[in-house]
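Below: the structure, in structure tokens.
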Amino acid sequence: MSDTADPVRELRRLIARLRIARIRQRSVALLSNGLLAGLLAGAGAALLARAGWLGLAPFNVAAVCVAVGAGAALLWSLTHRPSALDVAIRADLALALRQQVSTAWDFIETRPDAPVTRRLAARALSTRLTHRIGSVFPVRITNPTRLLPVGAGALIMVLVIDLPFETSRSVAAPAATRQEDRAVSNEGGYLREFAEQMQLRAKRELLARSGTQAAAMRDVAERMERGLLSRDDALAELRDLSARMDAARREALASGPSVPTAPMGATRDLSTVLTAAGARDIDALLRQLARGDLSDAELEALANSSGALQRLGITPEALGEALDNYRAGDTTGLRAMLEDAAERARNQADAEQLAQADDEINRSREQLGDPLANLDRVRRGGKPGDPANLEREENLSDADDVGEGGSPGSGQGEGLGIGDAPAENRSGRGRGDSGLPAITAAIRPTAQAGEGTVFSSPMRTLPEDNLDTLAPTPDLNGIATAFRARVAEVMQRDDVPAHRKAYIRAYFLALSQAEKTPRTAGSGPQGQRLEDQP
Amino acid sequence: MNEPPATAERASDTVEAGPALERLKREICRHIIGHDQLVDELLAAVLAGGHVLLEGVPGLGKTLLARVLGATLGLPFARIQFTPDLMPADIIGTRIVMQDEAGQRQFEFQPGPLFTELLLADEVNRATPKTQSALLEAMEERQVTVGRDQHQLSRAFTVLATQNPIEMEGTYPLPEAQLDRFMLKLTADFPNAEALATIVDRETAAERAPVEQVFDFAQLDGLRKQTREIALARHVRDFAVGIMLATHPDHDTAPAEVRRYVRHGASPRGVLSMILTGKALALMDGRLNVSFDDIATVAAPALRHRVLLNFEGEAAGVNANTLVASIVEATPRGDS
């Protein structure tokens, strides 16, 4: 009997063809489902990514979702292929063949040698199923297939349409967290700008530690600004960053000779020396020294700048001896002396910059509600460039550790200048050598809550004596002018607490009064308490 | 008498069974007007070798149906009118004292009306349970035991019992064990106006057309064998089993209404009844295999008397037919 005449063989062939058609139909349907699911999931994920919730590129997220959806559908269709019996049953149901095909196939599988099997196969073939295969499992356009353009359109819209970050976040985030996130983002913006300036200065003045810490600070600030950090995460990062800043500052101070100078004094003194020597920078001066081509006039100018060099740790006697040796042809002494001074100046500048950055970080922490920011600021406050502050900080730490009405530690107020005030950090420092008397600092209990817990706040006051000798400083006026627009902006922000607004307003009003009022004893801002922390 | 050929050689017989059965049905329907479906189901039960409980109000032609069926199949027919005072011996037979030619007296078994091939047990629920139970052995094993003697009944012995669903007074509902022995429970519905008109014309005519015998017993026996040879695929078998299991309230696949209203589900005889009568329907349709539709068609007649409602179901007037129909609808057909 030929193959075509054998109904069992013919039915086997027929079922195989039906199975292929069924697998094709099912694969297309599953692929449509998978693609649609992937497109919709991709649109949602891209939306989240654009809102900054995922921290991934929206296009990449969408592509992965679509690929996963389609791949899962294909994998499922390949691993869950329908059996031949299932195909036969479906064919019977689709063509209303009253289970003639499936019964024949069942008997072929279970009782291939039974006589009735051949008859069943012949009867199944008599249903003209061969001519109706195409209509059994057609590749139909299912509902998911029809919705594919909708899913693709949604994904494209999410990827293409410009959604402002804030807007998209406001859609996704609850109102309670929206305010918090905006505060973190704003602080991140401030810190990023500061870090950029710090990086520029570090590069310009070869401040290695400041450059490293500025990069780290910028990284944290950018993540805060982009909304990638929650408030708690941001505070944790800022605490860590502040600790690193402080460690780097201490390292900078420890690496230089222990000579007390005012903030910005070292660099200013060094500039004075360089100007006197007619050199562009310290390297040029050292090269001139190495060549021995400093003129007599320049050597004289160097000798006249002994005041600046003294503040850099070079005594007049040592300078005179070094200059004599130089004139005698020995350049090593003067060269070593100037190199040491330059290194010292750099360390001072590094420490100063790091302290300023630390202040900025602590201010941001305070803005974000970190209760430890105040403590850290006080603990690390003081003249940044002054190594003596290390000892003073220890004293402050002792006082803060008590914190409950304990008397302030000894040594408070030593060497504190106006430039130490955090509120003034935004306008810059550099007035530590302006001749102003030191502002005294005190730890005073300001509030008590619960059973005996006392919150302490550092307060700085100007000394009440010698006020007549004080003269208004241009920097003070500059602060008021430079920050006027910023203050107005802050006053309109909702995320700044009212009591802080009152404090800021009072502070700058006091500065404005100092700008207008002639300084007399007991009047002006110096006569008021400048409370560092409300 | 034409004996059917051997199974392996009957390749074409099955195909020919269809027209023969169609001719039988036509002859029955010539006398039984307006009950085509009932006739189909009755023939299926006969081909499957089962007994039938026929329920319907008086005057719908139940007795006539049994009489015509017996005549067309050429089966000896007997009728027992069940009454409360009917005793088991009245239907089984009894031993009576007989005197032989030698003058000796001895007991001799006198067969009752049960010893026939087609028995019409009319209004079977009017007899006492004791008498009803006398049918149990005869229906299941096709034999009766009198004293210590067992008497075999005909292989074609078929009981066609009727009961009136309206009258409750003076009736004894059939016990579950006996109900389970009926392969199908059929209902005779009231004929429509057109059928009634035909009945009136035919019954009031001067002459009644004689019933023509279509088969003899041997042919019926051959058809019964062919019925059992109809192919049953696994997925169709599983469909029937699934329906039967779903009638049990404690089974996982039971629908909510079954869990709520059913006290006991169908016995395994239920699924056997479905498959055998399904095969008979396939044979009558000229097919070699049982289909899902065959099973679905006979599900209600095969299960409605086997599904026992609880009090809540009876109080709520739940219909076993509806329950079975919902089960059939919910049971998956094949793996799909």
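Against the test of being farther than 30 Å from residue A:125 by Cα and at pLDDT 85 or above, the options A:38, A:52 yield a single qualifying residue, A:38. None of A:118, A:26, A:98 is within 14 Å of chain B (Cβ to nearest Cβ), surrounded by 16 or more Cβ atoms within 10 Å (Cβ to Cβ), within 22 Å of residue B:285 (Cβ to Cβ) and touching a residue at least 40 places away in the same chain (Cβ under 8 Å) except A:118. Of all residues in the stretch B:206-255, those satisfying the criterion of being part of a helix (DSSP H, G or I), among the charged types (D, E, K, R) and either over 22 Å from residue B:280 (Cα atoms) or away from chain A (no Cβ under 14 Å) (or both) are B:221, B:224.
Looking at the stretch B:169-190, is at least one residue at pLDDT below 90, in contact with a Lys or Arg (Cβ under 7 Å, 6 or more places away or on another chain), away from chain A (no Cβ under 14 Å) and at positive phi? Yes, some residue in the stretch B:169-190 is at pLDDT below 90, in contact with a Lys or Arg (Cβ under 7 Å, 6 or more places away or on another chain), away from chain A (no Cβ under 14 Å) and at positive phi.
On the given criteria, is residue B:322 within 14 Å of chain A (Cβ to nearest Cβ) and either surrounded by fewer than 24 Cβ atoms within 10 Å (Cβ to Cβ) or at pLDDT 95 or above (or both)? Criteria not met by residue B:322.
Scanning the stretch A:83-95 for residues that are in a helix (DSSP H, G or I) and either facing chain B (nearest Cβ under 7 Å) or surrounded by fewer than 24 Cβ atoms within 10 Å (Cβ to Cβ) (or both) yields A:84, A:85, A:86, A:89, A:90, A:93, A:94, A:95.
Checking each residue in the stretch A:101-115 for being closer than 15 Å to residue A:137 by Cβ and more than 8 Å from chain B (Cβ to nearest Cβ) picks out only A:101.
May I ask you to say which residue of A:54, A:47 is more than 14 Å from chain B (Cβ to nearest Cβ) and assigned to a loop (DSSP other than H, G, I, E, B)?
A:54 is the lone residue from the list that is more than 14 Å from chain B (Cβ to nearest Cβ) and assigned to a loop (DSSP other than H, G, I, E, B).
Against the criterion of being within 27 Å of residue A:228 (Cα to Cα) and assigned to a helix (DSSP H, G or I), residue A:41 qualifies.
I'd like the residue in the stretch B:101-139 that is among the hydrophobic types (A, V, I, L, M, F, W, C) and more than 23 Å from the chain's Cα centre (by Cα) and, out of all such residues, is surrounded by the fewest Cβ atoms within 10 Å (Cβ to Cβ).
Looking at residues that are among the hydrophobic types (A, V, I, L, M, F, W, C) and more than 23 Å from the chain's Cα centre (by Cα), I get B:102.
Among the numbered conditions (1) within 14 Å of another protein chain (Cβ to nearest Cβ); (2) buried (at least 19 other Cβ atoms within 10 Å of the Cβ); (3) touching a Phe, Trp or Tyr at 6+ places or on another chain (Cβ under 9 Å); (4) part of a loop (DSSP other than H, G, I, E, B), the only one that residue B:305 does not meet is (1). Taking the stretch B:256-285, which residues are of a type outside the set (A, V, I, L, M), farther than 22 Å from residue B:233 by Cα, in contact with a helix residue (DSSP H, G or I) (Cβ under 8 Å, 6 or more places away or on another chain) and part of a helix (DSSP H, G or I)? Those that are of a type outside the set (A, V, I, L, M), farther than 22 Å from residue B:233 by Cα, in contact with a helix residue (DSSP H, G or I) (Cβ under 8 Å, 6 or more places away or on another chain) and part of a helix (DSSP H, G or I): B:257, B:260, B:261.
Please verify whether residue A:323 is buried (at least 22 other Cβ atoms within 10 Å of the Cβ) and over 42 Å from the mean Cα position of the chain (by Cα), treating the condition exactly as stated. Answer is no for this residue. Among the residues of the stretch A:133-149, just one is among the basic types (Lys, Arg) and either in contact with a Phe, Trp or Tyr (Cβ under 8 Å, 6 or more places away or on another chain) or part of a helix (DSSP H, G or I) (or both), namely A:146.
When the stretch B:263-285 is filtered for residues that are surrounded by fewer than 24 Cβ atoms within 10 Å (Cβ to Cβ) and facing chain A (nearest Cβ under 10 Å), only B:285 remains.
The values are calculated or read from the model by the stated rules, or taken from the named source; none is laboratory data. This structure is a prediction, so every number in the text was calculated from the model and none was measured. Every residue, glycine among them, receives a Cβ derived from its backbone with ideal geometry; neighbour counts consider all protein chains shown.
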